[in-house]
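To start, the structure itself, in C-alpha cells.
The values are calculated or read from the model by the stated rules, or taken from the named source; none is laboratory data. A quick note: this is a predicted structure, and the numbers were derived from the prediction, not measured. Glycine also receives a Cβ, built like all others from the backbone with ideal geometry; neighbour counts cover every protein chain displayed.
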Amino acid sequence: MKVLALVALVGCGSYSTYRTTKIVPAGQTEWLFGAQATGTSAPGQGGAPMPELSAGARRGLGDRYEVQASGTMLALPQLVTGSLEVAGKLRVVQHGRWSLAVGAAAGYRLAESGGAIVEGAHVAAPVIFGIDLGRHQLVLAATGGYQRWYSSGAQPVAVPFIGESIGFRWQVGERWALLPEIGAAYTPMSNFMTPDSRLFHVGVAATFTR
C-alpha cells in the first residue's frame, strides 16, 4: 500500500512538457531551466502537488526536426524523485500564423520515500498546435501516454493517460524566452478513494538559445 500510494503521488503528470511548435535552428541548442509542480488528484478530494526543478536541451537537426534530452529532480528529507527523458519533435504543418507538430518521448523515473524505492518507465506522444502572436506563440497540445511502475515485493502498476495542456511562449529577446504551461490529464488508475484519477502539471521554464 505504501508503494502504491507513492506511485499515486509522483508517478503522474505530463511528460515532454514546455511544448511549442517552434523548431530550434539547425546546429543550435536551446537550453531550458524550469520549476514545476506535478501530481494527481481525486475528483472532489483535492490534489497532491509535488514541486520539482527541471532542465533540458533541445537541438535543431533541420528546418522541421529537433531532439531533446531533459530531467527533473526533487530532494527532500521525506521524498526524493528524479527523471530522465529523451524526445523528438517534427513540425508537420506551417500555414501563416498556424502550425502543427507531433512528438514522441520515452523516459525513466525514480522515487524514494522512507526506504521504499519505486522505478518507472514511460512513453508519451504529444500533438502540438501553435498560434503565432507576433514573435510570441500560444500553444495548445493533446497528449497520450503510458507509464509502468515497479518496486521490489509489489506487482507492477500501469498508468495509461490522456490529456491536454495550454502554454505561452513569450519571446523576451532574440535568444531568451519564457514558457508558462498548465496541463491536466485523465487516467483510469484507482487512487484508493475513487476508481480513476486526474493528473496535473503547472510550471514555467526559461530558455536560452545559442
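If only one of Glu85, Glu112 is charged (D, E, K, R) and without any contact (Cβ under 8 Å) to a residue 40 or more places away in the chain, which one is it? Step through it out loud before you land on a result.
Working: Glu85 fails: without any contact (Cβ under 8 Å) to a residue 40 or more places away in the chain.
After applying the criteria, what remains is Glu112.
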Q.
Which condition from (1) within 23 Å of Ala184 (Cβ to Cβ); (2) out of contact with any Lys or Arg (no Cβ under 9 Å at 6 or more places or on another chain); (3) surrounded by 14 or more Cβ atoms within 10 Å (Cβ to Cβ); (4) modelled with pLDDT under 95 is the one that Gly46 breaks?
A. (3)
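Within region 20-39, how many residues turn out to be outside any strand (DSSP E or B) and in contact with a Phe, Trp or Tyr (Cβ under 8 Å, 6 or more places away or on another chain)?
Of the residues in region 20-39, the ones outside any strand (DSSP E or B) are 20-25, 27-28.
Of the ones still in play, those that are also in contact with a Phe, Trp or Tyr (Cβ under 8 Å, 6 or more places away or on another chain) are 21, 23.
Matching residues across region 20-39 total 2.
Each row is one residue, and each column tells you yes or no for (1) within 21 Å of Val204 (Cα to Cα); (2) within 19 Å of the chain's Cα centre (by Cα).
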residue	(1), (2)
Gly103	yes, yes
Ala121	no, yes
Val127	yes, yes
Ile131	yes, no
Arg135	yes, no
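Output yes when any residue across region 146-155 is in a strand (DSSP E or B) and among the aliphatic types (A, V, I, L, M), and no when none is. So that I can check it myself, show each step before the final result.
Taking region 146-155 first, the residues in a strand (DSSP E or B) are 146-150.
Imposing the further condition that a residue be among the aliphatic types (A, V, I, L, M) reduces the set to none.
No; the residues of region 146-155 include none that is in a strand (DSSP E or B) and among the aliphatic types (A, V, I, L, M).
Would you pick out the residues in region 156-180 that are in a strand (DSSP E or B) and closer than 22 Å to Ala206 by Cα? Spell out the reasoning first.
We begin by selecting, within region 156-180, every residue in a strand (DSSP E or B); these are 157-170, 176-180.
Those that are in a strand (DSSP E or B) and closer than 22 Å to Ala206 by Cα: Glu164, Ser165, Ile166, Gly167, Phe168, Arg169, Trp170, Trp176, Ala177, Leu178, Leu179, Pro180.
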Q: Confirm whether Gly134 is surrounded by 20 or more Cβ atoms within 10 Å (Cβ to Cβ), at pLDDT 90 or above and small (Gly, Ala, Ser).
A: no
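Condition check: buried (at least 21 other Cβ atoms within 10 Å of the Cβ) and out of contact with any Ser or Thr (no Cβ under 8 Å at 6 or more places or on another chain). Does Gly120 satisfy that? Spell out the reasoning first.
Details: buried (at least 21 other Cβ atoms within 10 Å of the Cβ): yes; out of contact with any Ser or Thr (no Cβ under 8 Å at 6 or more places or on another chain): yes.
Yes.
Restricting to region 73-82, give me the number of residues that are without any contact (Cβ under 8 Å) to a residue 24 or more places away in the chain and touching an Asp or Glu at 6+ places or on another chain (Cβ under 9 Å).
1
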Q. Pick from region 101-120 the residues that are modelled with pLDDT of 90 or more and touching a Lys or Arg at 6+ places or on another chain (Cβ under 7 Å): which of them is nearest to Gly82 (Cα to Cα)?
A. Gly103
**Q.** Any hit, region 63-84, residues being at pLDDT below 95, crowded, with 21+ Cβ neighbours inside 10 Å and among the aliphatic types (A, V, I, L, M)
**A.** no
Q. When you go through (1) closer than 22 Å to Leu179 by Cβ; (2) assigned to a strand (DSSP E or B) one by one for Asp63, which number turns out not to apply?
A. (2)
